[in-house]
Structure formats: structure tokens, C-alpha cells
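Only the coordinates and a few stated rules stand behind these numbers; no lab work does. Please read all numbers here as calculations on a predicted model, not as lab measurements. As a convention, Cβ positions derive from the backbone with ideal geometry for all residues, glycine included, and neighbour counts pool all protein chains shown.
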Amino acid sequence: MQKAIELEYDGQILRGMEHVPEPNEGGRLPAVILYHGFTGDKLEPHRMFLKICRALEAMGIACFRFDFLGSGESDGNFEAMTVSGEIAEAGAILDMVKQDPRIDPERVTLLGMSMGGLVASVLAGERAQDVHKLVLLCPAGEMYLLVKDLIDSVLAVPDLQVYDYNGDLIGRAFAEDLKTLQVLERAKGYKGDVMLIHGTKDPTVPYQVSLAYQAQSYEGRAQVHLIEDADHTFNKTSWEREVIGKICDFLR
């Protein structure tokens, strides 16, 4: 059953979707929370998040996907967005799902894509006891290093408060925040099961970032699945199907 949902956070409304199957014999359901990437939304390219949710719902797993503040249909403006702000919003969503009487609070998995993977990895590291499993799709990792020239050029102009990035305004606070995150270090606190999925020809976040998570944050414990020739958001039906199949196998 798919239904639009809302969550009030810090005086603003996060808008999302839930996909909740019928519970078996009155039991509580496992759940997955999906976190979208930079300039993305709760659908993601080629409706990939919707397709993941439908596949998991068919397996008896509830799914929840929200637009972060300033993205998609949620309240707020993009120029007010920071990664630390999204980590806090992601935590509020996790609280909501764990308190849902339909959901088993011991079996809540986080799934993040790109910058949403960064968000999920930090949240899992800092709230490890609240996270059952972790799925990271092309996670951004130490994102500052990937966009260092852009961030440094913004911060080099003292009066520059917003920067136009392909029609989205990025606020100065985003740039300042990004430099401070220490993502791989903060992700280390999570000791549960991790699946990393990445395309070998990702031009936005090189697949070596997933290998860095595996080596530095997860001490070789994580499963890493590389999709040959795939780009950043798996923009080919065969790549997308491979991603969804791997997620389903991991959470089955």
C-alpha cells in the first residue's frame, strides 16, 4: 500500500511516501528508509527509489522515502540546505519509523544514494544501535574532496552568500559545513552488515570511494558490488535491475 505522508521537523514539513505491505499474522514489519542525493528527491532518476520500494514491499518490507527540506516537495529552500542539516532530518525520519506501531524497531535498515549515502553512513555510525543493516549506493564519502575546487572558490569570496549551480542556489553554509564533516571517521561506529554498490565508470563519485569506506570505515566487513561500466545513478535498465536485485538479496 503506497501513501503520501508528512513529518514535521523544526517547524517545517518533510513530505514523503510510505510503502507498507500487509503484516503477516499480526507481526511487525521490517523497514527500509531511503535517503536521496544532492539536488535529488524521493523518486531519484528513472523512478529508481519507487522501483526499489515496490520490490521490497513485495518481499514484505515496508519502505519510507522523503524529500529533504529544500528538495522535492518538502518545505524550505535549497540554499538553506547543509549536509549536517540533512543528517539531522534523516535522524528525525529514523525516529518516526522506529516509533511506528506497524514497524519492528529492531529491523530498520538505512539506504542512501550519493550524498544520501554519505548521510546514511554518518547517521548509522552515530546511531549504530538503531540501524539493522546499511545499503550505500554510490555514496559520496568525503564529498568535500570531490568538489574541493568549487567549494574553495565559493568560500574565497567573503560576500558570496549563494552560488548558482545549474539552477539550484547553494548557500555559503553548505560549503562551510562540507569542509568539517569527517565522514569516513564518523561512519566507523557502525558495526552491522553493510552493502556498497557502485558503478565502475561513475564520473561523479569514483567507485574508489566505496573501496575507501570498505577499508577505512568498515575494516573489510562490508560487501562491495561493482557494476561494470555503470555511471553515477545507474542510468540503464540492466544496471538498475542489478542494483535492485542486489538490494533484495541483501535484505531477504
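The figures follow:
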item	result
At q = 0.15, 0.20 Å⁻¹, base-10 log of I(q)/I(0) for region 32-127 (Debye sum, equal scatterers on each alpha carbon)	-0.55, -0.98
Rounded D (µm²/s) - the chain, Kirkwood Rh over Cα pairs, Stokes-Einstein at 37 °C, 0.692 mPa s	181 µm²/s
Amide H partners (placed H, <5 Å) of Ile13, local residues excluded	Asp75
Crossing angle, helix 237-251 versus the chain [Cα axis fit, 0-90 degrees, rounded to tens]	60 degrees
Dipole of region 12-143, positive end: most advanced residue of Leu136, Ala55, Leu110 [Cβ charges, Cα centre]	Ala55
Euclidean distance of C-alpha centroids, region 65-137 and region 175-198, integer Å	13 Å
Contact order relative to length of region 1-116, as percent, for alpha carbon pairs under 8 angstrom and 6 or more apart	34 percent
Of Leu34, Leu111, Leu169, the one that fluctuates the most in a GNM where the chain has Cα springs shorter than 10 Å	Leu169
Computed label-point distance, nm, for sites Glu126 and Lys3 using a 7 Å Cα→Cβ extension	3.1 nm
Mean separation of Cα contacts under 8 Å (6+ apart) over length of region 105-175, as relative contact order %	26 percent
Unmatched cysteines, the chain - criterion: no other Cβ of a Cys under 4.7 angstrom	Cys138, Cys248
Pair Thr204, Arg28: separation of 7 Å Cα→Cβ label points (nm)	3.5 nm
Per-selection Kirkwood Rh - region 150-209 (Cα, Å, 1 d.p.)	14.4 Å
Distant alpha-carbon pairs in region 101-157 (separation over 16 angstrom), percent	54 percent
Orientation-averaged projected area, Cα convex hull of region 158-252 (nm²)	8.1 nm²
